[in-house]
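Novice: Here it is, the structure, as C-alpha cells.
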Amino acid sequence: MKLLIREFYRNMKMFFYRAYYRLDNVDKTFYMGGKSLISRDLVAEEYVYIGPNCTIYAGVKIGKYTMFAPEVKVIGDDHNYDQPGLPIIFSGRPEQKETIIGRDVWVGYGAIVTKGITIGDGAIIAANSVVTKDVEPYSIVGGVPAKFIKFRFNAEEIKIHQEMLNKNHRELNLGTKNLTK
C-alpha cells in the first residue's frame with residue numbers, strides 16, 4: 001500500500017511540474033527532482049530521471065532510460081568574447097547549439113555538459129566532470145575536461161545492449177514494477 005501511495009504522489013508531483021514548467025515535449029514517465037531549473041523546450045523520451053538541483057538550458061534532447069544525478073548542469077558556452085573594443089556584456093551570444101544526450105546515459109553528480117555536445121547511447125559521465133567535446137557511445141569519461149577512461153561494454157555486449165534499447169519497455173523483462181504505464 002505504501003508503494004502505491006508513493007507512486008501516486010510521484011505521478012501527481014510530475015503532472016504539476018510538467019504543467020508548471022510547460023514541459024510539452026517530455027514523456028509522462030519523466031521524473032524531475034526538486035529545485036531543478038529546466039528549459040520548457042526540453043525534449044525527453046521515456047523514463048528520463050533528472051535529479052534534484054539540476055539546471056538544463058534550452059536546446060536539449062534526452063534519450064530514454066537516461067539518469068542525471070543531483071547538481072548536473074547542461075549549460076551554454078554562450079558569450080562572444082572576441083570583439084575588441086566591446087565589453088563582453090554587450091557582445092551578444094553565438095548561435096544556439098543543440099545538445100543531444102543519448103539513450104541509457106548516466107551523468108554523475110555535479111557534472112557539467114556544455115552546449116552543442118552529443119553524448120552517445122550508453123555513455124557514463126563521472127561525477128564533477130566537465131564535458132566539452134562529444135562523447136562516444138558506451139564510453140566512460142571523467143575529469144576536467146572530461147577524457148576517455150574506458151568502454152562500458154565490449155563489442156558483443158554493445159550489440160546486445162543496443163538491441164535492448166531498440167525494444168519497447170513493455171517487451172523487456174526487467175523485474176521491476178516501476179516500468180508500467
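Since every read-out is calculated from the coordinates, none of them should be taken as a lab result. What you are looking at is a predicted structure, and each value in this text was computed from that prediction instead of being measured. In this analysis, Cβ positions are derived from the backbone assuming ideal geometry, glycine residues included, and neighbour counts consider all displayed protein chains.
Novice: Please pick out the residue among Arg40, Arg93, Arg103 that is over 20 Å from the mean Cα position of the chain (by Cα), in a loop (DSSP other than H, G, I, E, B) and of a type in the set (Lys, Arg). Can you show your working first?
Specialist: On the way: Arg40 fails: over 20 Å from the mean Cα position of the chain (by Cα); Arg103 fails: over 20 Å from the mean Cα position of the chain (by Cα).
Only one candidate qualifies: Arg93.
Novice: Could you check the range 124-176 and list, in sequence order, the residues that are without any contact (Cβ under 8 Å) to a residue 12 or more places away in the chain and in a strand (DSSP E or B)?
Specialist: Lys147, Lys150
Novice: Which residues, taken from the range 1-37, are part of a loop (DSSP other than H, G, I, E, B) and closer than 23 Å to Lys167 by Cα?
Specialist: Scanning the range 1-37 gives Asn25, Asp27, Lys28, Thr29, Phe30.
Novice: Can you tell me which residue within the range 2-37, out of those that are touching a residue at least 60 places away in the same chain (Cβ under 8 Å) and within 20 Å of the chain's Cα centre (by Cα), is surrounded by the most Cβ atoms within 10 Å (Cβ to Cβ)?
Specialist: Thr29
Novice: Looking at (1) assigned to a loop (DSSP other than H, G, I, E, B); (2) closer than 30 Å to His161 by Cβ; (3) within 14 Å of the chain's Cα centre (by Cα), which one does Lys61 not meet, given that it meets all the others?
Specialist: Here Lys61 clears every test but (1).
Novice: Any residue in the range 71-78 that is in contact with a Ser or Thr (Cβ under 7 Å, 6 or more places away or on another chain), surrounded by 18 or more Cβ atoms within 10 Å (Cβ to Cβ), basic (Lys, Arg) and part of a strand (DSSP E or B)?
Specialist: Looking through the range 71-78, at least one residue is in contact with a Ser or Thr (Cβ under 7 Å, 6 or more places away or on another chain), surrounded by 18 or more Cβ atoms within 10 Å (Cβ to Cβ), basic (Lys, Arg) and part of a strand (DSSP E or B).
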